[in-house]
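Structure record follows, encoded as structure tokens.
We did not get these values from a lab; they are worked out from the coordinates using the rules stated. All of these numbers come straight from a predicted model, not from anything done at the bench. Cβ: placed from backbone, ideal geometry, glycine included. Neighbour counts: every protein chain shown.
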Amino acid sequence: MEPGEVQEQLRSHPGVAEAVVLAHGDGRAQGLAAFLLPAPGAEPTGAELRAHLDGRLPGYMIPARFVTVDRLPLTANGKVDVRDLRSRLEQ
């Protein structure tokens, strides 16, 4: 799976300002989770985003989970804090 390709397609949706896609799960059952920063005034739903991705990506590349965030957490180096995002999946 190529998360960067999925991120690019999600960013092409008018309701998405920024997206980060991560693989999650154990070795046997892995899937993708998308963390979305919505565009101002937008509230895209998981169903709307799946429909947007359908036909643009193979089914296995469509995230199983969509998580809306008010900001993307950053590390001290200014990169997306993947550990913080992964911890949100476990909540």
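DSSP beta bridges fully contained in the chain are about 65 percent antiparallel.
For the peptides 78-89, 7-18, 60-71, residues were scored by their other Cβ atoms within 10 Å and the scores averaged per peptide; the highest-first order is 7-18, 60-71, 78-89.
Under a Cβ-Cβ cut-off of 14 Å, what is the net charge of the residues other than Leu74 that fall near it, where Lys and Arg count +1 and Asp and Glu count -1?
So the surrounding residues net to -1.
Suppose the Debye formula is applied to equal point scatterers at every Cα of the chain; what is log10 I(q)/I(0) at q = 0.17 Å⁻¹? At q = 0.17 Å⁻¹ the computed log10 ratios are -0.69. Comparing Gly46, Gly31, His13 along the charge dipole axis of the chain, the residue lying farthest to the positive side is Gly31, per the Cβ-charge model.
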